[in-house]
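The values are calculated or read from the model by the stated rules, or taken from the named source; none is laboratory data. None of the values given here were measured: they were computed from a predicted structure. Cβ atoms come from the backbone with ideal geometry, glycine included; neighbour counts cover every protein chain shown. Just the protein is used for accessible areas: all its heavy atoms, side chains included, with ligands, DNA and RNA removed. Shrake-Rupley method; radii C 1.70, N 1.55, O 1.52, S 1.80 Å.
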Amino acid sequence: QSPSFLLLHLMEGLVHQGTPNYCISKLLPVSVFVSYKKFSVLGSDQPIVADVGEEVVLPCQLSPRMSAVNKTIRWFRDQIDSPVYLYKNTLHITDEQDQAYRGRTTLFIKELENGNVSLGIRNIHASDEGIYNCFVESLKWYEGTQIKVIVTDGLHGSHTLSLKMKEGKGIQLGCKSSGWYPKPEVTWTDGKSQKLTTVSETIETEDGGLFSVNSYVITDDSSHKRTCHIQNDFMKETRESSLQISDVFFPRVSPWLVAFFVLLGLLPVAICIAIYCWRKQSK
């Protein structure tokens, strides 16, 4: 194996140990090569946010600006020898490429002349979240940088409210939503925006790494509507569903009906008193 590939494995070890990016991109070249630095690789200091199912570009640029057409460009995650994308000898090498990224990744070939080695990823999956390494190598020099990708979703799934009678316990309200990433937070409020206590909540992992949530509350009051709020904590996006429970689920006793039963209960007493008075008068 070439010395440069062995250096890649050394870089992989540093990645696994959590070595800061500046140590990987600055310290290694200085300790291995005696010659002056030829170029640096610039990425993004901020995480790149990607939506599930959408496209994203991971920025990576040579500095000073120079052609990358004849350089080796290797994008990888935690396995150097299983790259997300490998460009070598002016060709896209697919033999070593990670199966999960085949057909979904690309370089911007026309931009290589300007030193732009950014990576495009199509059809983002929840599993695409993590650290990506952009590594560029020439005959005399190599450099690399890291970019963090955060995957999020919550607008493409379903969201429903359900209502169910719980005998002796009031009304059970259920809120179900799917297609979220990362895990969502669920809260319930009444018509006065007061938080309600959740009696049950389950979060399950769906196909593709997305999450679905089921949350329930029980109420015995129909005076206010109930609202289920599901929020993506990272993007601060919220979906809401509200339900006003009809009084038919909380039947109230009519005061006339109460009066009728009271009178009905007093009637035997009145009859007994009347009979007693009649017999006493007859004597």
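Being within 18 Å of Val52 (Cβ to Cβ) and touching a Phe, Trp or Tyr at 6+ places or on another chain (Cβ under 6 Å) is the filter here; which residues of the stretch 183-204 pass it?
If the condition is that a residue be within 18 Å of Val52 (Cβ to Cβ) and touching a Phe, Trp or Tyr at 6+ places or on another chain (Cβ under 6 Å), then Lys183, Ile203 are the ones that fit.
Given the conditions (1) over 15 Å from Ser241 (Cα atoms); (2) at pLDDT 85 or above, and given that Ser177 satisfies all but one, which numbered condition is not satisfied?
So the condition that Ser177 fails would be (1).
For the stretch 181-192, which residues satisfy the criterion of being in contact with a strand residue (DSSP E or B) (Cβ under 9 Å, 6 or more places away or on another chain) and open to solvent by 90 Å² or more (accessible area, probe 1.4 Å)?
Pass one, the stretch 181-192, residues in contact with a strand residue (DSSP E or B) (Cβ under 9 Å, 6 or more places away or on another chain): 181-191.
Matches in the stretch 181-192: Lys183 only.
Going by the structure shown, is Ser222 small (Gly, Ala, Ser) and modelled with pLDDT of 80 or more? Let's see the steps before the verdict.
Values: small (Gly, Ala, Ser): yes; modelled with pLDDT of 80 or more: no.
Here the answer is no, as Ser222 does not meet what is asked.
Looking at (1) more than 16 Å from Val149 (Cα to Cα); (2) modelled with pLDDT of 95 or more, which is the only condition Tyr101 fails?
Checking Tyr101 against (1) more than 16 Å from Val149 (Cα to Cα); (2) modelled with pLDDT of 95 or more, the one that fails is (1).
Please determine, by comparing only the residues of the stretch 49-62 that are β-branched (Val, Ile, Thr) and open to solvent by 50 Å² or more (accessible area, probe 1.4 Å), which one is farthest from Thr152 (Cα to Cα). Explain how you work it out, then say what you get.
Step one: of the stretch 49-62, the residues β-branched (Val, Ile, Thr) are 49, 52, 56-57.
Subsequent filtering for residues that are open to solvent by 50 Å² or more (accessible area, probe 1.4 Å) retains 49, 57.
Values: Val49: 7, Val57: 15 Å.
Residue satisfying both the conditions and the ranking: Val57.
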